[in-house]
1. Could you check residue 470 against (1) touching a Ser or Thr at 6+ places or on another chain (Cβ under 6 Å); (2) of a type outside the set (A, V, I, L, M); (3) outside any helix (DSSP H, G or I); (4) closer than 25 Å to residue 289 by Cβ and say which number it fails?
2. Residue under question is residue 413, and the condition is that it be within 20 Å of residue 234 (Cα to Cα) and either free of Cβ contacts under 8 Å to residues at least 60 places away in the same chain or part of a helix (DSSP H, G or I) (or both); does it hold?
3. Of 12, 21, which residue is free of Cβ contacts under 8 Å to residues at least 24 places away in the same chain and β-branched (Val, Ile, Thr)?
4. So which pairs qualify, if the first residue must be in region 172-185 and part of a helix (DSSP H, G or I), the second must be surrounded by 20 or more Cβ atoms within 10 Å (Cβ to Cβ) and among the hydrophobic types (A, V, I, L, M, F, W, C), the Cβ gap must be under 7 Å, and the two must be at least 6 apart or on different chains?
5. Give just the number: which of (1) farther than 19 Å from residue 437 by Cα; (2) in a loop (DSSP other than H, G, I, E, B); (3) not aliphatic (A, V, I, L, M) does residue 50 not satisfy?
6. Return yes or no: is residue 260 aliphatic (A, V, I, L, M), part of a helix (DSSP H, G or I) and open to solvent by less than 20 Å² (accessible area, probe 1.4 Å)?
7. Exactly one condition in (1) closer than 23 Å to residue 263 by Cβ; (2) open to solvent by 20 Å² or more (accessible area, probe 1.4 Å); (3) aliphatic (A, V, I, L, M); (4) within 20 Å of the chain's Cα centre (by Cα) is false for residue 14; which is it?
Amino acid sequence: MRVGVDVGGTNTDAVTMSGSTVVSAAKSPTTADVTSGIVKSLSILIDEGSLDPNAVTDVMIGTTHFTNAVVEGKNLVPTAAVRLGLPATTSMPPFIDWPPSLRSSLGKHVYLCHGGHEFDGRLISPLDPNELRQAAADIASKGIRSVALSSVFSPVNEDLEQEARLILLEEVDDLDISLSREIGRLGLLERENATIMNACLRPLAIRTVDGFQAALDKLKISCPVHVSQNDGTLMSADFARRYPVATFASGPTNSMRGAAFLSGVSDGVVVDVGGTTTDIGVLTNGFPREASSAVEIGGGRTNFRMPDVISSALGGGSLIREKGTDLTIGPDSTGYELNTRALVFGGSELTATDIAVAHGQAQIGDASLVAHLDPELVLAAIDQMQRSLAETIEQMKTSAGPVPVVIVGGGGVLVGDDLDGASDIIRPDHYAVANAVGAATAQAGAETDQIYSLAAIGREAALEEARQITSDRAVAAGADPQTVEVVDVEEIPLAYLPSNAVRIRIKAVGDLRSDSSKKEIVHDR
């Protein structure tokens with residue numbers, strides 16, 4: 001028996017699954033501390049008798065903890081950014097493109113040191129151990145323990161990051177070091193930004209994942225905890241402690257994976273309507289299409305894998321206002337207070353949910369409380385919501401023809417049965433908790449993004465090496481080695497560079513390892 005949990009801005013959803021069957025589902029308002037909302041949703045499943053704590057084999061959780069922490073600038077620890085690249089890169093120091101508030105919250109502790117590689121693996125300059133020891137001593141004197149270590153072109157050659165890590169730990173043995181090679185893709189600033197975010201979140205990640213485990217212990221659920229990644233796969237609890245940035249945007253990916261599972265659609269558009277926002281993404285071979293450009297998190301540019309999603313301020317709690325002849329929907333929302341502030345629940349504010357109920361699209365709350373609404377207002381709001389969704393779907397499509405559209409999320413009642421650009425509107429069973437289903441049915445996975453010089457290593461050897469590295473990472477994330485398979489391979493020749501350079505990106509997934517709960521958890525430094 002698997003349990004999937006997804007924490008949204010409005011509701012925390014949970015489902016119990018036996019094989020491919022959804023046995024039961026529950027929703028409860030998301031709480032400020034998030035963890036208690038998870039406990040509440042699971043308690044509902046237990047109290048209803050559909051969930052036997054002793055029968056649970058795995059719990060999968062998608063969480064907004066870490067994204068919220070960066071966006072809000074809260075629960076972050078001071079972090080030292082150590083970059084290996086001198087004498088190059090001095091014109092673009094770490095934090096250069098960060099918003100001032102976020103940069104200040106981390107302390108602006110920057111250390112530029114010698115090292116780094118060219119794209120073909122040639123050294124820019126050798127490491128200077130004394131330079132690194134001085135940096136470590138200064139970091140320790142400031143009471144900083146989280147370090148983001150980045151080296152120029154470390155995806156090509158990670159040796160200098162590993163050597164520098166050992167030198168720093170020799171000087172200060174309790175440093176918590178995140179390596180850029182393990183976090184981001186090619187692109188120094190974006191990869192470094194992602195690494196800094198990871199480093200400043202690691203203490204929070206340890207507390208959060210431990211909190212998840214404590215919540216399950218409280219409910220007498222004894223099984224492994226897995227956390228959703230932002231590419232639609234899962235990672236082990238220990239992996240999540242080490243790489244919290246891998247959870248960014250896991251909510252939309254859970255919804256898309258759940259939509260694919262529930263509907264059987266492997267290629268199409270997914271419209272996930274929540275209480276606060278609507279996320280629209282594209283399924284390709286059953287997985288979310290990835291963004292091809294840098295993605296901003298809290299104002300900082302990053303380049304690790306992220307779903308290609310457009311979010312709009314339309315949700316079940318979106319506030320509706322009339323300003324003369326103009327009608328506005330959002331962007332402000334009741335959020336998790338929908339069940340007290342909306343008209344259909346006895347509140348005093350007009351929301352998108354009220355409009356859906358008044359139009360007959362939904363049976364939520366007390367319909368008599370919205371019977372007084374002007375029919376013209378209701379129709380105008382419905383039309384505006386439909387047009388807004390259709391326009392966003394067109395932005396996401398890669399061809400002019402109609403495509404299947406899968407509607408999921410608790411706010412899916414806002415979407416009518418006819419959308420421009422849709423060949424078919426699909427509302428699968430349990431669509432309201434598709435995000436939790438996506439978490440419960442996900443596999444463990446990993447990715448490799450590396451440059452190879454085909455003059456030094458043949459194409460087949462490069463591909464085989466990249467496949468092996470990716471498979472090993474998937475196993476480290478919790479996959480059963482016997483089930484790991486490569487699901488995506490991308491080769492990009494790098495024009496105008498010598499040595500016949502090629503960029504290889506590979507993704508591998510596998511079923512969860514059944515013995516993951518028995519493995520000793522080690523907090524890697």
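The values are calculated or read from the model by the stated rules, or taken from the named source; none is laboratory data. Computed from a prediction, not measured in an experiment: that's the story for all the values here. When we count neighbours, we look across all protein chains shown, and the Cβ atoms used for this are built from the backbone with ideal geometry, even at glycine. When the accessible area is computed, the model is the full protein with side chains, heavy atoms only, and any ligands, DNA or RNA have been set aside. Shrake-Rupley method; radii C 1.70, N 1.55, O 1.52, S 1.80 Å.
1. Residue 470 satisfies all of (1) touching a Ser or Thr at 6+ places or on another chain (Cβ under 6 Å); (2) of a type outside the set (A, V, I, L, M); (3) outside any helix (DSSP H, G or I); (4) closer than 25 Å to residue 289 by Cβ except (3).
2. Spelling it out, it is not the case that residue 413 is within 20 Å of residue 234 (Cα to Cα) and either free of Cβ contacts under 8 Å to residues at least 60 places away in the same chain or part of a helix (DSSP H, G or I) (or both).
3. 21
4. Within 7 Å, the pairs are 180/149.
5. The number of the failed condition is (1).
6. Working: aliphatic (A, V, I, L, M): yes; part of a helix (DSSP H, G or I): yes; open to solvent by less than 20 Å² (accessible area, probe 1.4 Å): yes.
Judged against the criteria, residue 260 is a match.
7. For residue 14, the exception is condition (2).
Every residue, every condition in (1) modelled with pLDDT under 90; (2) out of contact with any Cys (no Cβ under 9 Å at 6 or more places or on another chain); (3) surrounded by fewer than 16 Cβ atoms within 10 Å (Cβ to Cβ), yes or no:
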{"residue": "32", "(1), (2), (3)": "yes, yes, yes"}
{"residue": "49", "(1), (2), (3)": "yes, yes, yes"}
{"residue": "78", "(1), (2), (3)": "no, no, no"}
{"residue": "84", "(1), (2), (3)": "no, no, no"}
{"residue": "87", "(1), (2), (3)": "no, yes, yes"}
{"residue": "92", "(1), (2), (3)": "no, yes, yes"}
{"residue": "99", "(1), (2), (3)": "yes, yes, yes"}
{"residue": "116", "(1), (2), (3)": "no, yes, no"}
